[in-house]
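Notes for the one structure printed next.
The values are calculated or read from the model by the stated rules, or taken from the named source; none is laboratory data. Since we're looking at a predicted model, the values are computed, not measured. Cβ sites come from the backbone with ideal geometry, for glycine too, and all protein chains shown count toward neighbours.
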Amino acid sequence: MDQAAFPFPERMILTVGEVTERIKLALEDTFSDIWVDGEISNLRTPSSGHTYLTLKDERSQLRAVLFKMQRRYLRFDPKDGMRVLARGRISVYEPRGEYQLAVDYMEPKGIGALQIAFEHLKERLAREGLFDAAHKRPLPLLPQCIGMVTSPTGAVIRDMLHILRRRFANLHVCIYPVRVQGDGAAQEIAGAIEALNRYPGVEVIIVARGGGSLEDLWAFNEESVARAIYHSTLPIISAVGHETDYTIADFVADVRAPTPSAAAELVTRNKTDLQYGLQALAQRLERVVRHRLEVLHSRLEACRQRRVLRDPWAPLRAMEQRLDDVNGRLERLIRARMRLARDEINQCESALAHLAPQTRVRMLRERLAAVEQRLVAAQHGRLRQSGERLERLTATLDALSPLAVLGRGYSICRQQPVGTIIREARGVAPGMHVDITLWRGSLQCTVDAVAEKGPGNGTADV
């Protein structure tokens, strides 16, 4: 067909879904990684865990979504009216044909995100009671084994070991090496605290790190480290950063040391000071004991001079003799009481023999057997009397029975079909059907003739 006949090109017809899909692909290719500066509004988080919000400025607004997985990595709690920087990609929500920003990362603009995360975590853990003084444990007076959670390299470990060696040379130190900054450092620190709690002999743990920025010290602000310190059964000293640096670990720990070197001085006493103190206590004890002995010696000499002291064994011998007399009286009293108790027991046994359940049961069984015999005899007599009476009544009944009369040759004649007994011949007419009952059997008859001979003696020919 000639193209000149159709001045317009062939139209491309797309469905709404196809148009939306092409727009989505174009937007995602063009805006795959962008930063957006805006103010949060219409913030809501339904039960799905995803957070929906709108970023706006004085000119326009942009819908945004922060999915549940990405929200877990936020270091602050977003709120309406907060100015933020959001990083993500532009996408299209196809069911409504709306474009939105899928946020991968968000931080507040102005105050640092780490500082906000620090304050939020500190406030939440304080509400849970992790900082309460009631949970703080005292440090041991003179620990024999100290656990350390720190980096095995650097000046921190060398300074602490030098101070411990100088203050108490024969102290045992168990070092658990960990990373103190970077990804995964918090998990290593928490695991080290749990491991040292299981290590035999460790009495106290020092968590230490040198100074640095808030980002450098952030591993000690993680919630996992705070909870590991809180659940530790051993007292923990937090020695992180310089004197002006504070971390979440400092608030949860039992003791905060301003520096790692100060933690080494806090955890143990100076051996020389202890020795001097022990020597002073020994001298004081020696003086007190010597003075006490002198006083007692003086009292002893005074007693000797007054001849107060006599034979020290005489009072003891008198008390022994008195004890023998008391023992003799006690034995006689016990034997007398035992005789009385034995007599009472014999009397009780005799009384119990008469009241024994076996005797009572035997007597009751004998009474039961006698009653049973009388009952059987009475039943037999009653049955015999009843049988005799039954025989008499049977004979009387037989004598009065109509069957007995029939047996002597008599019969009963009934009119059919009504069954009326015929007593007189005049009550019968020829041709009537009658039923004659004999002693054995009956007859069905028809009356041929009726003859009357006299009152009460009517006859009928059948």
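Within region 34-59, which residues are more than 14 Å from Gln70 (Cα to Cα) and small (Gly, Ala, Ser)?
Those that are more than 14 Å from Gln70 (Cα to Cα) and small (Gly, Ala, Ser): Gly38, Ser41, Ser47.
Which one is farthest from Glu452 (Cα to Cα) among residues in region 384-435 that are in a helix (DSSP H, G or I) and hydroxyl-bearing (Ser, Thr, Tyr)?
That would be Ser386.
Looking only at region 16-47, which residues are more than 22 Å from Arg87 (Cα to Cα), of a type in the set (Ser, Thr, Tyr) and either at pLDDT below 85 or not assigned by TED's automatic domain parsing to the domain that holds Arg83 (or both)?
Correct list: Thr20 only.
How many of the residues making up region 411-454 are under 28 Å from Ser401 (Cβ atoms) and either surrounded by 14 or more Cβ atoms within 10 Å (Cβ to Cβ) or not acidic (Asp, Glu) (or both)?
Residues flagged as under 28 Å from Ser401 (Cβ atoms) and either surrounded by 14 or more Cβ atoms within 10 Å (Cβ to Cβ) or not acidic (Asp, Glu) (or both) within region 411-454 amount to 29.
Within region 99-121, does at least one residue satisfy the condition of being of a type in the set (S, T, N, Q), farther than 30 Å from His231 by Cα and either in contact with a Pro (Cβ under 9 Å, 6 or more places away or on another chain) or loosely packed, with under 12 Cβ neighbours inside 10 Å (or both)? Full working, then the answer.
The initial filter retains those residues of region 99-121 that are of a type in the set (S, T, N, Q), namely 100, 115.
The next check asks that each one be farther than 30 Å from His231 by Cα; those that pass are 100.
Next, only the ones that are either in contact with a Pro (Cβ under 9 Å, 6 or more places away or on another chain) or loosely packed, with under 12 Cβ neighbours inside 10 Å (or both) stay: none.
Within region 99-121, none of the residues are of a type in the set (S, T, N, Q), farther than 30 Å from His231 by Cα and either in contact with a Pro (Cβ under 9 Å, 6 or more places away or on another chain) or loosely packed, with under 12 Cβ neighbours inside 10 Å (or both).
Can you confirm whether region 8-20 contains a residue that is more than 30 Å from Arg124 (Cβ to Cβ) and surrounded by 15 or more Cβ atoms within 10 Å (Cβ to Cβ)? Lay out the reasoning, then the answer.
Of the residues in region 8-20, the ones more than 30 Å from Arg124 (Cβ to Cβ) are 8-20.
After this cut, where a residue has to be surrounded by 15 or more Cβ atoms within 10 Å (Cβ to Cβ) as well, the list is 20.
Among the residues of region 8-20, at least one is more than 30 Å from Arg124 (Cβ to Cβ) and surrounded by 15 or more Cβ atoms within 10 Å (Cβ to Cβ), which makes the answer yes.
Going by what's in this entry, would Arg292 be described as surrounded by 10 or more Cβ atoms within 10 Å (Cβ to Cβ), on the phi < 0 side of the Ramachandran plot, at pLDDT below 85 and not polar (S, T, N, Q)?
no
Would you list the strands (runs of 3 or more DSSP E) that sit entirely within region 147-246 and hold 3 or more residues that are surrounded by fewer than 17 Cβ atoms within 10 Å (Cβ to Cβ)?
Result: 172-177.
Counting only residues that are of a type in the set (Gly, Ala, Ser) and in a loop (DSSP other than H, G, I, E, B), which one in region 48-100 is farthest from Val36 (Cα to Cα)? Show your work before the answer.
Restricting attention to region 48-100, the residues satisfying the condition of being of a type in the set (Gly, Ala, Ser) are 48-49, 60, 64, 81, 86, 88, 91, 97.
Those left that are additionally in a loop (DSSP other than H, G, I, E, B): 48-49, 60, 81, 97.
Details: Ser48: 25, Gly49: 23, Ser60: 12, Gly81: 15, Gly97: 21 Å.
It comes out as Ser48.
Tell me yes or no: at least one residue of region 252-264 is in contact (Cβ under 8 Å) with a residue 60 or more places away in the chain and within 20 Å of Gln187 (Cβ to Cβ).
Narrowing region 252-264 to residues in contact (Cβ under 8 Å) with a residue 60 or more places away in the chain: 252, 254-255, 260-261, 263-264.
Filter once more, keeping what is within 20 Å of Gln187 (Cβ to Cβ): 252.
So far as region 252-264 goes, yes, one or more of its residues are in contact (Cβ under 8 Å) with a residue 60 or more places away in the chain and within 20 Å of Gln187 (Cβ to Cβ).
If I filter region 60-71 for residues that are touching a helix residue (DSSP H, G or I) at 6+ places or on another chain (Cβ under 9 Å), surrounded by 12 or more Cβ atoms within 10 Å (Cβ to Cβ) and without any contact (Cβ under 8 Å) to a residue 40 or more places away in the chain, do I get at least one hit?
Checking region 60-71: not a single residue is touching a helix residue (DSSP H, G or I) at 6+ places or on another chain (Cβ under 9 Å), surrounded by 12 or more Cβ atoms within 10 Å (Cβ to Cβ) and without any contact (Cβ under 8 Å) to a residue 40 or more places away in the chain.
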